[in-house]
Amino acid sequence: MKDCLEVINTRSSIRKYTDQAISPEVCRTLVEAGLKAPTATNKQEIHITVVGKDNPVQCEIQNDLNPEATVSFFYNAPLTFYLSADESFRWSPVDAGIAVENIHLAAKALGLGSVILGCMERTLNGEKKKEYAAKLAIPEGYKFFVAIAIGYPDTEKPQHSINFDKDVTVL
Ligand SMILES: Cc1cc2nc3c(=O)[nH]c(=O)nc-3n(C[C@H](O)[C@H](O)[C@H](O)COP(=O)(O)O)c2cc1C
């Protein structure tokens, strides 16, 4: 288990995974990391749907995104988590972002890799929204916000560089 700053200072988005399966215990730890994230007014409005790579819904999403694509939008990760949240709550997008980052960092701490996925947002909230909500067990009144593909890394990627002077103002 790595300490928090080491995880933050070494994490990057991983887009190539081994075939190693993620155990139910590790999966549970990752889901709990998402649910333990702070939410505005402690509303706890985040729902997580855990989907294995062979689930037909993933093929359908891949196809709807681009039937011609030669690479997987899920990067063949063994698991993808879909985060949905209360559609009418103004802080849902922020809360979903915090929850997904908690999962991303927890995965790194446990020796896994992950990549946050937004590419399916329009597809899941478009004309097939109801159909996808049923297939992904998204609760009534909730909508999809963001996903995260997770697996054991089969690649290393350096961190992106930062530009402190451009991006920070100290008053
Ligand atoms: C909200 C959000 C949506 C993203 N959607 C995708 C995506 O659909 N596909 C993908 O490959 N990466 C996606 N990413 C990962 C970013 O491309 C990645 O974080 C960025 O290139 C910086 O790389 P790093 O995470 O390795 O520092 C997303 C990241 C965020 C925060």
Given the criteria out of contact with any strand residue (DSSP E or B) (no Cβ under 8 Å at 6 or more places or on another chain), outside any helix (DSSP H, G or I) and closer than 17 Å to ASP19 by Cα, does GLU140 qualify? no
Based on this model, can you work out whether LYS143 counts as surrounded by 14 or more Cβ atoms within 10 Å (Cβ to Cβ), charged (D, E, K, R) and within 14 Å of ARG11 (Cα to Cα)? no
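Would you confirm, using the coordinates I've provided, whether LYS157 is over 25 Å from PRO78 (Cβ atoms) and of a type in the set (Lys, Arg)?
No, not satisfied.
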Given (1) surrounded by fewer than 20 Cβ atoms within 10 Å (Cβ to Cβ); (2) under 25 Å from GLU156 (Cβ atoms); (3) touching a residue at least 40 places away in the same chain (Cβ under 8 Å); (4) in contact with a strand residue (DSSP E or B) (Cβ under 7 Å, 6 or more places away or on another chain), number of the condition VAL31 does not satisfy: (2)
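Would you be able to say whether some residue in the range 111-122 is in a loop (DSSP other than H, G, I, E, B), crowded, with 20+ Cβ neighbours inside 10 Å and near the ligand (Cβ under 10 Å from one of its atoms)? If you could, list the steps in order and put the result at the bottom.
Of the residues in the range 111-122, the ones in a loop (DSSP other than H, G, I, E, B) are 111-112, 118-120.
With the extra rule that they be crowded, with 20+ Cβ neighbours inside 10 Å, the set shrinks to 112, 120.
Then keep just the ones that are near the ligand (Cβ under 10 Å from one of its atoms); that gives 120.
Within the range 111-122 (the criterion being in a loop (DSSP other than H, G, I, E, B), crowded, with 20+ Cβ neighbours inside 10 Å and near the ligand (Cβ under 10 Å from one of its atoms)), the answer is yes, since at least one residue qualifies.
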What is the residue count in the range 37-51 for residues that are loosely packed, with under 13 Cβ neighbours inside 10 Å and under 17 Å from the mean Cα position of the chain (by Cα)? 1
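Every number in this text was worked out from the coordinates using simple rules, so none of it is lab data. The model shown is predicted, which means the values in this text are computed figures rather than measured ones. When we count neighbours, we look across all protein chains shown, and the Cβ atoms used for this are built from the backbone with ideal geometry, even at glycine.
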